[in-house]
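Asker: After the structure tokens below, expect a handful of questions from me.
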Amino acid sequence: MASLLTVDQLVDHYVELVQVVRPTPTPRIVSDPDDNVVVGTALAAKAGLLVTRDRPLLSVSEYQGVKIVSVSEALALIAAR
């Protein structure tokens, strides 16, 4: 179903939902430095879940209170609420 909103209206609504954060510096958690930035961003945002398909990140499973889960795990956690 196509949205009845214009692109500008969609962007305006999106802006209401986002929060800009600077990644928290993190030690080397996985080998890919970009993945470490993703974890640092989740920490800075005080996220409870980090949802990813990245296998090295999924192998961590949790870091400083942020659960690192697959899409199916995230959906199961949300459905269980």
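Asker: With all protein chains present and a 1.4 Å probe, how do S59, S3 order by accessible area, largest first?
Answerer: S59, S3
Asker: Okay, moving on. Please tell me the relative contact order of the chain in percent, rounded to the nearest whole number, where contacts are Cα pairs under 8 Å and at least six residues apart.
Answerer: 21
Asker: Read through the labelled values (i) 145; (ii) 80; (iii) 99 and report the label of the one computed as volume of the Cα convex hull per residue in Å³ from the structure.
Answerer: Among (i) 145; (ii) 80; (iii) 99, the one derived from this structure is (i).
Asker: Now a separate question. May I ask you to list the residues of segment 66-81 whose amide nitrogen lies under 15 Å from a point 7 Å from Cα along the Cα→beta-carbon direction of V21?
Answerer: 66-69
The values are calculated or read from the model by the stated rules, or taken from the named source; none is laboratory data. Here the structure is a predicted model, which means the values were calculated and not measured. Cβ: placed from backbone, ideal geometry, glycine included. Neighbour counts: every protein chain shown. To get the accessible areas, we keep the full protein, side chains included, count just its heavy atoms, and leave off ligands, DNA and RNA. Shrake-Rupley method; radii C 1.70, N 1.55, O 1.52, S 1.80 Å.
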